[in-house]
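The values are calculated or read from the model by the stated rules, or taken from the named source; none is laboratory data. It should be emphasised that the depicted structure is a prediction, and the values quoted were computed from it without experimental measurement. Note that we place each Cβ from the backbone using ideal geometry, even for glycine, and neighbour counts take in every protein chain shown.
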Amino acid sequence: MIINAAGCWSGLVNAPNCPPVQPVRGQMLALDSVSEDLGFVVHTPHAYIVPRRDGRIIVGSTTERVGFDKSNTAAGVKGLLSGAIQAIPRLESLPIKELWAGLRPGTPDGLPLLGPAQKSAIQNLLFATGHYRNGILLAPITAKVISDIIQGQPVPDFLKAYAPDRFRRQTFAS
């Protein structure tokens with residue numbers, strides 16, 4: 001068995017049969033909250049705000065289709081800060097401790113690619129990718145399903161919705 005679990009790079013593997021997985025940049029920042037006790041998570045349409053035990057308040061995250069560019073931009077940081085400050089005005093006085101960006105594996109429908117590729121030049125090719133923002137949440141069930149398939153268990157019916165071949169010849173809209 002060959003497993004394509006290459007995250008946002010999955011679409012570059014097996015070029016003739018690559019699934020439509022593209023990187024989706026997510027910019028984030030951390031505020032230094034030494035003097036601020038937030039104590040709860042806040043979700044808004046423009047940002048999420050998560051207090052951490054180490055004294056940081058994490059503010060995230062943008063969703064940008066810009067290829068493999070992991071840089072932070074003024075517009076991205078401004079949008080995150082505006083959303084966070086609009087939700088909790090007292091955050092405005094906190095210092096910015098850190099900026100970073102990551103790349104998530106996105107698919108056109110936002111759902112992962114799980115299971116065997118039926119129309120591949122590579123025999124016994126499995127996909128476990130395209131989890132977008134939910135990789136950490138879906139890791140246990142993904143590991144279980146892929147492990148079961150490797151061990152010869154039948155492919156569960158619910159995996160049809162995540163079949164890698166569902167995007168045959170389909171591309172991302174610009």
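Observations
- Residue identified as surrounded by 12 or more Cβ atoms within 10 Å (Cβ to Cβ), part of a strand (DSSP E or B) and not hydrophobic (A, V, I, L, M, F, W, C) among Pro105, Pro20: Pro105
- Look at segment 148-166: where a residue is farther than 11 Å from Leu111 by Cβ and a partner is loosely packed, with under 12 Cβ neighbours inside 10 Å and among the aliphatic types (A, V, I, L, M), sitting 6+ places away or on another chain with Cβ atoms under 9 Å, you get Ile149/Met1; Ile150/Met1.
- Residues located in segment 120-140, provided they are free of Cβ contacts under 8 Å to residues at least 40 places away in the same chain and either more than 23 Å from Gln27 (Cβ to Cβ) or of a type in the set (A, V, I, L, M, F, W, C) (or both): Gln123, Ile136, Leu137, Leu138, Ala139, Pro140
- Among residues of segment 30-43 that are among the small types (Gly, Ala, Ser), those with a beta-carbon under 7 Å from a residue that is assigned to a loop (DSSP other than H, G, I, E, B) and at pLDDT 85 or above at least six positions away or on a different chain give the pairs Ser33/Gly55; Ser33/Leu94.
- Qualifying residue in segment 67-83 (condition: buried (at least 16 other Cβ atoms within 10 Å of the Cβ) and touching a helix residue (DSSP H, G or I) at 6+ places or on another chain (Cβ under 7 Å)): no
- Answer from Ile3, Ile58, Ile85 - the residue that is in contact (Cβ under 8 Å) with a residue 60 or more places away in the chain and β-branched (Val, Ile, Thr): Ile3
- Val50 vs. criteria loosely packed, with under 15 Cβ neighbours inside 10 Å, in contact with a strand residue (DSSP E or B) (Cβ under 8 Å, 6 or more places away or on another chain) and closer than 24 Å to Gly110 by Cβ: no
- Residues of segment 74-119 that are among the hydrophobic types (A, V, I, L, M, F, W, C), closer than 19 Å to Arg25 by Cβ and over 22 Å from the mean Cα position of the chain (by Cα): Ile96 alone.
- A count restricted to segment 88-107 and to residues that are in contact (Cβ under 8 Å) with a residue 60 or more places away in the chain and either out of contact with any strand residue (DSSP E or B) (no Cβ under 9 Å at 6 or more places or on another chain) or on the phi > 0 side of the Ramachandran plot (or both) stands at 0.
- Selection of segment 56-73 for residues being of a type in the set (A, V, I, L, M, F, W, C) and within 18 Å of Ala84 (Cβ to Cβ) yields Ile57, Ile58, Val59.
- Evaluation of Pro105 against the conditions (1) in contact with a Pro (Cβ under 9 Å, 6 or more places away or on another chain); (2) modelled with pLDDT under 95 shows that the sole unmet condition is (2).
- Restricting segment 108-118 to residues that are crowded, with 20+ Cβ neighbours inside 10 Å and in a loop (DSSP other than H, G, I, E, B), the residue that is modelled with the highest pLDDT: Pro112
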